[in-house]
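The values are calculated or read from the model by the stated rules, or taken from the named source; none is laboratory data. Bear in mind the structure is a predicted one, so any value in this text is a computation, not a measurement. Here the Cβ positions follow ideal geometry from the backbone for every residue, glycine too, while neighbour counts run over all protein chains shown. SASA here: full protein model, heavy atoms, side chains in, ligands and nucleic acids out. Shrake-Rupley method; radii C 1.70, N 1.55, O 1.52, S 1.80 Å.
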Amino acid sequence: MKQPDKISWSRAAAAGLLFALVMCTWVWIDRNPGFDQLAIRFSAYFVAFTFGFYFLYNLVAGQKR
């Protein structure tokens, strides 16, 4: 089985952006918070998912099988 390639920061950031948009849209529709809460939530989701996705994906991609 072919080993997956490592992911770049730009692709991880694109995935983080998509995740943050989906989660903030869901919260906005469900609870209707103010703009300040959405901005803080968006930045936290974006940063956490981007870093987590980058490091976890590259950890799995770097393992020898």
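Values computed for the structure shown
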quantity	calculated
Leading residue by the ranking (modelled with the highest pLDDT) among those in the range 1-42 that are over 20 Å from residue 63 (Cα atoms) and of a type in the set (S, T, N, Q)	10
Enumeration of residues in the range 5-21 that are of a type outside the set (A, V, I, L, M, F, W, C), open to solvent by 30 Å² or more (accessible area, probe 1.4 Å) and in contact (Cβ under 8 Å) with a residue 24 or more places away in the chain	5, 6
Subset of the range 26-38 [in a helix (DSSP H, G or I) and exposed (fewer than 12 other Cβ atoms within 10 Å of the Cβ)]	26, 29, 30, 31, 35, 36
Single residue of the range 43-65 satisfying the filter (open to solvent by less than 50 Å² (accessible area, probe 1.4 Å) and more than 11 Å from the chain's Cα centre (by Cα)) that is modelled with the highest pLDDT	58
Any pair with Cβ under 9 angstrom, 6 or more apart, that starts in the range 41-65 at a residue that is under 19 Å from residue 11 (Cβ atoms) and ends at one that is among the aromatic types (Phe, Trp, Tyr) and open to solvent by 80 Å² or more (accessible area, probe 1.4 Å)	50/9; 54/9
